[in-house]
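Worksheet: the structure to be examined is printed underneath.
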Amino acid sequence: MKALKIIISGYGRMGHEIEKAATERGHSIVATPDNNSDWDNIILTRDTCDVVIDFSTPDSSALVVKKCLNQGIPVVSGTTGWRDGLAEVTEMCRLSGGSFFYAPNFSIGVNIFFEINRKLARLLTGLNYTPLLSEIHHIHKLDSPSGTAIAMANDIIAANPYFTAWKPGNSDDKNILSVYSERTGEVPGTHFVEWKSDADAIEIRHTAFNRKGFATGAVLAAEWLPGRTGVFGMADLLDTEP
């Protein structure tokens, strides 16, 4: 495995965890910009950086990804709550022939959880089960619902034609998914889906014990991305033969 020169954009809790995971795997962290002005002192070229890992803020991520794509630098992003910015940089990557890897959650366990969620939604189509989604995170998390919960809701909508949309909190419309959020303490992340009928209930849950799984997944994506062009996600990484 080639040792990479990595820039970590967003040097908060996740940034520090990614730094630890990357250095343990033999990579070098060449810069850790934590806001837009920090980039003024960074020379961003293919000689100085192999890949950028972005876990900054929704307001900063679009600027960071555009900067990387303009310089031909592969970029991995786990920032959520982008709104229109994510669609814009995704299209920019496709038009420019750049390399962009995005995931709302880099945990291997969560992405297996995604697959189970999609499969369950397909299996229960037309069987009078109603889903309820909930997520719990630490008080520092900026977006609500989490990007992971939104991805889960969208996967259910895509897999089960009975549901047409989702909304935060309780929904009185049976065709609209309810997504509940809670912010408490220092919880790394818990996601829960319950499918309930008049006869029984089916439940699936993923609980993160710490941020290590998220950080390791982001570094694996950074190792996988260089040399590829296009827009990628965790499904691409996990389906790749060794």
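The values are calculated or read from the model by the stated rules, or taken from the named source; none is laboratory data. On a predicted model such as this, the values are computed, not experimentally measured, just so you know. Positions of Cβ are generated from backbone atoms using ideal geometry, with glycine treated the same way; all protein chains shown enter the neighbour counts.
Brief remarks on what is shown
- Taking region 24-54 as the range and being touching a helix residue (DSSP H, G or I) at 6+ places or on another chain (Cβ under 8 Å) and free of Cβ contacts under 8 Å to residues at least 24 places away in the same chain as the test, only I29 passes.
- Considering only residues in region 87-105 that are of a type in the set (A, V, I, L, M) and surrounded by fewer than 21 Cβ atoms within 10 Å (Cβ to Cβ), the one that is nearest to A201 (Cα to Cα) turns out to be A87.
- Odd one out for I136 among (1) closer than 21 Å to T184 by Cβ; (2) in the same structural domain as D50 (by TED's automatic domain parsing): (2)
- Residues (of a type in the set (D, E, K, R) and touching an Asp or Glu at 6+ places or on another chain (Cβ under 9 Å)) located in region 156-195: K167, E182, E194
- Being in contact with an Asp or Glu (Cβ under 9 Å, 6 or more places away or on another chain), buried (at least 21 other Cβ atoms within 10 Å of the Cβ) and in the same structural domain as R228 (by TED's automatic domain parsing) is not true of V52.
- Complete set of residues in region 1-20 that are within 17 Å of the chain's Cα centre (by Cα), of a type outside the set (D, E, K, R) and crowded, with 20+ Cβ neighbours inside 10 Å: I8, S9, G10, M14, G15, I18
One line per residue, one yes/no per condition, for (1) within 17 Å of G213 (Cα to Cα); (2) outside any loop (DSSP other than H, G, I, E, B):
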{"site": "V30", "(1), (2)": "no, yes"}
{"site": "P33", "(1), (2)": "no, no"}
{"site": "D40", "(1), (2)": "no, yes"}
{"site": "T48", "(1), (2)": "no, no"}
{"site": "I53", "(1), (2)": "yes, yes"}
{"site": "V65", "(1), (2)": "no, yes"}
{"site": "I73", "(1), (2)": "no, no"}
{"site": "A87", "(1), (2)": "no, yes"}
{"site": "F100", "(1), (2)": "no, yes"}
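- Filter result for G126 (at pLDDT 90 or above and within 30 Å of K212 (Cα to Cα)): no
- Some residue of region 176-197 being over 24 Å from I139 (Cα atoms), free of Cβ contacts under 8 Å to residues at least 12 places away in the same chain and not assigned by TED's automatic domain parsing to the domain that holds T80: no
- Among all positions in region 85-101, there is at least one residue which is touching a residue at least 60 places away in the same chain (Cβ under 8 Å), in contact with a strand residue (DSSP E or B) (Cβ under 6 Å, 6 or more places away or on another chain), aromatic (F, W, Y) and not assigned by TED's automatic domain parsing to the domain that holds N170.
- Of the residues making up region 197-242, those that are of a type in the set (K, R) and either at pLDDT 95 or above or under 24 Å from S96 (Cα atoms) (or both) are R205, R228.
- Filter pass, S60 being surrounded by 15 or more Cβ atoms within 10 Å (Cβ to Cβ) and more than 15 Å from the chain's Cα centre (by Cα): yes
- I108 meets all of the listed conditions (1) surrounded by 14 or more Cβ atoms within 10 Å (Cβ to Cβ); (2) modelled with pLDDT of 90 or more but one, namely (2).
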